[in-house]
Each structure stands twice: as C-alpha cells, then as structure tokens.
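Novice: Here it is, the structure, as structure tokens.
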Amino acid sequence: MDDKKYWVGFNLIKGIGAVRMQGLVAYFGDLESAWGADPTYLAESGLGTKVVERVLAARQKVNLDQVWEKIQSQGIKILTWQDSEYPARLKEIDQPPPVLYIRGEYLTDDLFAVAIVGTRRVTPYGRQVTEELASFLASNGITVVSGLARGVDAIAHQAALKAGGRTIGILGSGVDVIYPPEHAKLAEQMMERGALISDYAPGTPPDASNFPPRNRIISGLSLAVVVIEAGETSGALITAEFAAEQGREIFAVPGSILAPQSKGTNKLIQNGAQPLLNVNDIMQALDFTRIGEHKAARKVLPTDETEAHLMNVLGAEPLHVDEIRQMADLPIERVSATLALMELKGMVRQVGGMNYVAVRESAGEYQAGK
C-alpha cells in the first residue's frame with residue numbers, strides 16, 4: 001500500500017501542520033512508523049498531549065485503506081514534500097503544505113505563473129481589467145492562478161481558458177467539493193487545462209476559516225500577485241500579505257478614491273505595491289518577455305562538463321554558492337553563471353540566500369541523456 005496514505009492520515013488530524021509533520025518524519029523516518037507508534041514516542045517527536053490523543057482517536061476511527069481507495073477512485077493525485085513533482089516554487093515558502101490534493105494536472109511550465117485576485121463584488125471596470133490581464137497572460141504562456149471564488153477569481157479563470165491558456169484554482173475545501181457550487185462547470189473546464197489544488201483532505205466543506213490560509217498557496221505558486229479590486233477587509237489583501245512574506249512581486253490596479261472596491265488596492269500602492277498601469281508592466285518587471293527562451297532552456301538536457309560536475313556536488317541538502325565553489329574547485333564566476341542556467345533548465349533550485357539543491361528528476365534526465 002502506498003506510503004502516501006499515512007500522509008493523508010496525519011493530514012486529517014487537527015493540529016498537525018507543516019512543523020509537526022516535519023517533526024514526525026525527522027523522528028520516525030517515515031509516517032507509516034509514526035502512524036503505528038506508541039504514544040510515548042509520538043510525544044517525544046514533538047506532539048502535545050491533545051494532539052497525541054487525536055492521533056490515537058484517528059487510528060480507531062479512520063480506515064486508511066478505505067480513504068485511500070476513495071481518493072484513487074475520484075482521480076485525485078496526491079503530492080507530498082517528498083515527491084519530485086511537488087511545485088518547486090511552493091516548496092520555497094515558510095511551512096509549505098505537507099500534502100497537496102490535485103485534480104487535473106500541475107505541469108513544470110506552471111512555474112511561470114501569476115496570481116490574479118480581488119473582490120467578489122467586482123465592478124465593470126474591475127471585470128474589464130481582469131479579463132484583459134488574464135487573457136494577455138494566458139496568451140503569453142503564463143499560468144493564471146486564483147481561488148475559484150465569485151467575482152475577480154472566476155473572471156480570471158474564465159478569461160485564461162478562453163484565451164487558450166492554463167489556469168489553476170486553489171480551494172478552501174476538498175478538491176471534490178466545488179464552492180461556490182455554480183462554478184462546477186468552470187471547475188471541470190479548469191481540470192482539462194490546468195488543475196484544482198487544495199491542502200484540505202477530500203470531503204472537507206468550505207468553512208470560512210479555511211480560506212485565509214489557502215491564500216498562502218495562491219501566492220506561493222506564483223511569481224507575482226496582482227490585486228485587481230479589493231475593499232479594506234478583502235481576502236485578496238491577505239494574499240498580498242502572504243506574497244510580501246514570500247518575497248513575491250505585488251501589483252495593484254489603481255482605482256477611484258471614491259470606490260469602495262478600490263480602497264484596498266489604492267492602500268497597497270500607498271504601501272509600496274507596484275501600480276499596474278498597463279498589462280505589459282508585469283511582463284517587463286518579471287522578464288516574462290523571454291518566457292519562450294526560459295521554457296526552451298528547461299527542456300535542454302545537460303551536456304556541459306561543468307553542469308555535470310556541479311550536479312555531482314549538489315544533493316537534496318541546500319549548499320551555499322561558496323560551498324559549491326569550494327567543493328567543485330571552480331572559479332566563482334563560472335559556478336554562478338552555470339547555476340543560473342541550470343536553474344532555468346530545472347536542474348537545480350535556489351532555496352533562498354544563494355543556497356541551491358539538485359532537482360531529482362533533472363538528475364535522472366541527465367543520466368538518461370548521458
């Protein structure tokens with residue numbers, strides 16, 4: 001039986017998030033051992049008394065084999081931190097979701113993504129800007145990410161699909177629970193040319209408390225977040241806060257100082273967000289004008305001796321560029337330039353502070369292409 005069923009099991013338990021899941025893996029080595037562990041060892045791994053009690057209760061109530069079979073029958077794909085297909089950009093954020101549930105398909109090209117978020121009470125002005133921006137991005141090979149909510153979110157998804165592009169919806173419910181229900185048809189279309197993603201287990205209802213945390217995934221999957229329209233207490237502003245914490249670019253569409261829907265976006269601009277005055281602004285700021293070159297570079301198999309040498313130095317543990325230079329015994333300029341190209345190819349990933357890790361599937365590609 002797939003080890004992932006134990007990830008799902010712990011994901012079902014309230015109080016076990018990224019930090020505690022990491023503690024369990026570090027202590028037990030794998031979650032199958034943790035699931036069957038004695039309460040004493042669970043406590044030693046970092047779980048508090050109440051959480052240990054919940055684990056014991058879950059063991060009695062939850063039939064993991066049945067849960068797993070149901071997930072499989074629904075065509076839901078599960079990715080954990082340990083999977084090479086886990087979105088690289090999301091893995092970079094603080095406390096990334098240990099488990100992702102996916103309907104549809106997340107592709108490597110979805111690394112080139114921009115989030116479009118905003119109010120549910122969209123104005124004609126907001127609708128026009130959302131349609132133009134989502135259509136423009138999708139037409140240029142950039143995946144549009146949003147939250148499948150009414151208003152700006154739905155318009156962004158629809159425009160991206162209409163333009164023939166890809167779009168991803170991040171849900172505040174299980175991926176098998178479409179909310180709002182009137183977006184069921186839209187969700188089906190998105191699964192054909194994109195994906196629905198959630199870190200909530202299948203069957204989870206759309207509780208109001210689920211939506212603010214899911215916004216960290218919207219920004220985490222994206223290179224930039226664009227807020228079209230947002231009131232002063234809009235959830236879109238929460239997404240912008242996560243984006244700032246994650247080091248993502250934040251754009252806001254300026255609007256009338258008299259319009260309630262523009263109070264939040266105008267405040268973002270006042271606080272340092274880039275005003276989006278033209279759809280080309282985002283392309284230039286993120287160097288998306290060279291997206292074709294970037295995507296082509298990712299598909300090139302390494303043949304350079306320096307790349308092969310650096311791949312032998314790098315592994316799953318982050319190494320600083322100075323350590324890489326020392327271990328490779330190469331000039332720093334050559335190491336830096338090669339790492340930059342290797343990152344474009346998807347062979348390595350920078351995980352912050354000039355620290356790099358090897359991307360496992362790329363290492364496999366190299367051996368196959370040798």
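Novice: Kindly check whether there is at least one residue in segment 95-109 that is without any contact (Cβ under 8 Å) to a residue 24 or more places away in the chain and either on the phi > 0 side of the Ramachandran plot or assigned by TED's automatic domain parsing to the domain that holds GLN246 (or both).
Specialist: For segment 95-109, residues without any contact (Cβ under 8 Å) to a residue 24 or more places away in the chain and either on the phi > 0 side of the Ramachandran plot or assigned by TED's automatic domain parsing to the domain that holds GLN246 (or both): absent.
Novice: Right, here's the next one. Return the total of residues in segment 315-349 being crowded, with 16+ Cβ neighbours inside 10 Å, under 24 Å from the mean Cα position of the chain (by Cα) and without any contact (Cβ under 8 Å) to a residue 60 or more places away in the chain.
Specialist: 10
Novice: Would you mind finding the one in LEU42, LEU31, LEU47, LEU56 that is more than 29 Å from ILE93 (Cα to Cα) and of a type in the set (A, V, I, L, M)?
Specialist: None of the others qualify; the one that does is LEU56.
Novice: Another question, if that's okay. Regarding GLU241, is this residue charged (D, E, K, R), more than 13 Å from ARG103 (Cα to Cα), part of a helix (DSSP H, G or I) and at pLDDT below 95?
Specialist: yes
Novice: Between a residue in segment 250-275 that is not assigned by TED's automatic domain parsing to the domain that holds ALA224 and modelled with pLDDT of 95 or more and any residue that is among the β-branched types (Val, Ile, Thr) and surrounded by 15 or more Cβ atoms within 10 Å (Cβ to Cβ), which pairs come within a Cβ distance under 8 Å, given they are 6 or more apart or on different chains?
Specialist: No pair meets every condition.
Novice: What number of residues in segment 246-267 are out of contact with any Pro (no Cβ under 9 Å at 6 or more places or on another chain) and either charged (D, E, K, R) or over 20 Å from LEU221 (Cβ atoms) (or both)?
Specialist: 12
Novice: Pairs needed: first member in segment 73-92, not assigned by TED's automatic domain parsing to the domain that holds LEU171; second member anywhere, aromatic (Phe, Trp, Tyr) and assigned to a loop (DSSP other than H, G, I, E, B); C-beta distance under 8 Å; at least 6 residues apart or different chains.
Specialist: Taking only residues 6 or more apart or on different chains, the pairs are LEU79/TYR86; LEU79/TYR106; THR80/TYR86; GLU85/TYR106; PRO87/TYR106; LYS91/TRP81.
Novice: Within segment 19-40, how many residues are within 14 Å of VAL52 (Cβ to Cβ) and either aromatic (Phe, Trp, Tyr) or in a helix (DSSP H, G or I) (or both)?
Specialist: Looking only at that region, the number is 9.
Novice: I'd like the residue in segment 276-286 that is in contact (Cβ under 8 Å) with a residue 60 or more places away in the chain and not in a helix (DSSP H, G or I) and, out of all such residues, is surrounded by the fewest Cβ atoms within 10 Å (Cβ to Cβ).
Specialist: So, considering only residues that are in contact (Cβ under 8 Å) with a residue 60 or more places away in the chain and not in a helix (DSSP H, G or I), the one surrounded by the fewest Cβ atoms within 10 Å (Cβ to Cβ) is LEU286.
The values are calculated or read from the model by the stated rules, or taken from the named source; none is laboratory data. Only a predicted model underlies this, so the values are computations on that prediction, with no experimental measurement involved. Neighbour counts run over all protein chains shown; Cβ positions are idealised from the backbone, glycine included.
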